[in-house]
Amino acid sequence: MYRISQLAAKFGLSRSTLLYYDQEGLLSPSGRSEAGYRLYSDGDLERLAAIVSFRKAGLSVEETRALLASGEGEQSVIRRRLDAIGEQIRALQAQQHLLARMLRVQSGEELPESVDKETWVAMLRAAGMDDEAMETWHAEFERRAPQAHHSFLLSLGIPEQEARAIREWSAAAGTATPAKPRRNFPRER
């Protein structure tokens, strides 16, 4: 059994954080010592590890509480959070582009433009990648980090529908036979 200060130290948390988690119904002590100290079991330690992970991933106290109480699959909650972060990133990128344009208009200075689809393809071609290498790159990106792949495509200014189509053929390319359909990438202008 662990006392509150021992458990807090294991996770780099303050005692008051654990008291708050108890107050919010996330983590209650398994018992009390004869002197009245809160005591936490190994099971409580595992639950706190999950709570800390969820909080670091940006889940709110309410989302964490609901997740722990419902037994809902972690994957669906994590996917929802990942989607929400993707939306926030896109909103921030839109704000960034707007502010850059405002600065450019006000100052008359040339500010670097963001990288768009054509620029990205031109850079890959300059690095020696042909269509097949680009297909492999997309397929690997989709396999390893599908949501990040989606966000990246949108960051290039690719419309949502086209980004989904690219992800679909990327997923298929990762599992297709050598006779997979060829994808035509824009040529450098």
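Every number here is computed from the coordinates shown, using simple stated rules; none is lab data. For clarity, every value in this text was computed on a predicted model and none was experimentally measured. Positions of Cβ are backbone-derived with ideal geometry, glycine not excepted, and every protein chain shown enters the neighbour counts.
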Through the Karplus equation 6.51 cos²θ - 1.76 cosθ + 1.60, θ set to phi - 60°, convert the phi angles of the stretch 29-38 into ³J(HN,Hα) values in whole Hz; use x for Gly and Pro. x, 6, x, 9, 6, 4, 7, x, 6, 5
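Work out the FRET efficiency for V61 and M134 from their Cβ-Cβ distance, taking R0 = 41 Å, and round it to the nearest 0.05. Let's see the in-between values first.
Values: r = 43 Å, r/R0 = 1.06.
The value I calculate is 0.40.
In what sequence, highest mean first, do 79-90, 134-145 appear when ranked by Cβ atoms within 10 angstrom? List each step's numbers first, then the result.
On the way: 79-90: 13.6, 134-145: 16.6.
Result, highest mean first: 134-145, 79-90.
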Which FRET efficiency value, to the nearest 0.05, is calculated for H97 and A50 with the Förster distance at 35 angstrom and r the Cβ-Cβ distance? 0.40
Sequence-distant residues sharing a close amide H with L39 (under 5 Å, placed H): S30, G31, R32, S33
Tell me the label-point distance for the pair E118, A172, using the 7 Å Cα-to-Cβ offset, in nm and rounded to one decimal. 2.7
